1. Quick one: B:143, A:86, A:234, fewest Cβ neighbours within 10 Å first, how do they rank?
2. What is the average number of partner chain Cβ atoms found within 10 Å of a Cβ in A:144-154?
3. So what J values fall out for segment B:85-100 if you push phi through Karplus, 6.51 cos²θ - 1.76 cosθ + 1.60 with θ = phi - 60°, rounded to Hz, Gly and Pro as x?
4. Normalising by the residue count of segment B:7-226, find the relative contact order in percent from Cα pairs under 8 Å and 6+ residues apart.
5. Roughly how big is the protein assembly as shown's charge dipole about its Cα centre, with Cβ charges of +1 (Lys, Arg) and -1 (Asp, Glu), in debye to the nearest 20?
6. Exposure proxy check: B:88, A:144, A:64 ranked by fewest other beta carbons within 10 Å?
7. Got a sec to turn the phi values of segment A:212-218 into Karplus ³J(HN,Hα) couplings, 6.51 cos²θ - 1.76 cosθ + 1.60 with θ = phi - 60°, whole Hz, x for Gly and Pro?
8. Would you please classify the overall shape of the protein assembly as shown from the alpha carbon gyration tensor, given that a ≥ b ≥ c denote the square roots of the eigenvalues, rounded means a/c under 1.5, and beyond that prolate means a/b larger than b/c while oblate covers the rest?
Amino acid sequence: MKNIDTKTDLQRLKFNWLQFASPKTFYPLAGKIIPWCAAGAAILIAYGLYLGLLVAPTDFQQGEGYRIIFVHVPAAWFSMFLYLLMALYAGLGLVLNARLSYMMATAIAPTGAMFTLVALVTGSLWGKPMWGAWWVWDARLTSELILLFLYIGYFSLKAAIDDKNRADKASAVLAIVGAINVPIIYFSVKWWNTLHQGASVSLTQAPAMAAVMLKGMLVMTIGFWLYSIAVVLMRVRAEILERDSKAAMLRLD
Amino acid sequence: MKKKLSTLSVLYRVLARDIRVALRRQSDVAAVFFFFIIAASLFPLGSGADPKLLKAMAPSVLWVTALLSCMLSLSRIYASDHADGTLEQIMLSNQPTVLIVLMKILAHWALSGLPLVLVAPLIGVQFNLSGAELQTLALSLLMGTLALSLIGSIGAALTLGIRGTGVLIAILVLPLYIPVLVFGAGAVNAVSIGMSANGALSLLGAVLAMALVFSPLASAAALSIALE
């Protein structure tokens, strides 16, 4: 008996991260995080746009039109990153059977799809002056389009199943299958057509762009990140309210 | 008392049974087959019968049509077994579900993919393809349609018993079919411009090998979710 008591004391001393896996404790925590992330996102995106649109020098080949990359590139990064994150949460949900993980996956999907759409639209706006066409079937634009199809599949499956529990699990399997497929699709499309200009930002070699451009892009990326966190947490809170509307916890406040 | 069956003989029986059941509904099997022929024959009517144009279009037309034909018959893999309760008995049995699922996929392929492989060279002739291209077309379809059945089975399992399944399966499965389409049609295209098809066929084989490993696992997981 004594042993068990000391153990619980120890556990009480240690900060337990897992307690936030419960919607009940997560709901207020998310509420506290949202304003900070939203404010940070607003400031960073404004600063990033200032750097990109006003400070960064004009590209001598592409003129002013290149400036759209300050939105396009971070949006494209996030469209893929959020899909993988969604699949990760979906997988966590399947493994741990944690409801909050499914809610996170559900909440991430619309933001990911939005960034995919932004990347596609800005890509085609960039393509018109550079390539002379609104749409070119090059590897990256095409993979981005297919990524949008994958998001649409995820939404459609989720919407078609009435039973929430089954909808969560089935769409989680789909998200994981999609995540395994994303690199294969990307590679196959690249094999199919390599028309695009080479990657201008890569981790292995020094970036072939002015430092201020890189800075602007990184600031925008962090801004998009904070925006994503804020929006996803808001959506998770709405999801918790919707699913647990009858739970007693909500009557506390 | 019935004697206990070994896993191998169970798998063989599942395969034989699925093929037999499908053959009893011959019209279903024939419909997919004729859909492929009719749909492929529509393209020249839309584009004009210029032999050069037809030859250039042929790989993509035949492959996309094969893709759609395979997709149309996907719900057949599990739907009837789900409706009459057989699927639940399969999941409850002490036999490995993943392997049984694989057998059901193979049975589906034998009656929806394989006939396309046999008839595709004939349609290829209509599209002005010649010897080496027809061979590559048949070989790429032989590997590709099996991959299509495997990948499609995940979609069929996920949408089991859901309203409006047909269109939903298309939305789920078609994006996942893209690598198969790219490498399959790419192999035929490579031959028609005088290059070797080996690269594309190897990649298609790699996609098939991956689908062979992962798709029965994912399908079995999706089935157990659907039957919860």
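Read-outs throughout are calculated quantities, based only on the coordinates presented, and are distinct from any laboratory measurement. What you are looking at is a predicted structure, and each value in this text was computed from that prediction instead of being measured. Here the Cβ positions follow ideal geometry from the backbone for every residue, glycine too, while neighbour counts run over all protein chains shown.
1. Neighbour counts put them in this order, fewest first: A:234, B:143, A:86.
2. Across the residues of A:144-154, the mean count of other-chain Cβ atoms within 10 Å is 3.
3. x, 4, 4, 4, 4, 5, 5, 7, 5, 8, 8, x, 4, 4, 6, 5
4. Contact order relative to length: 26 percent.
5. Charge dipole of the protein assembly as shown: 1120 debye, to the nearest 20.
6. A:64, B:88, A:144
7. 5, 5, 4, 4, x, 5, 5
8. oblate
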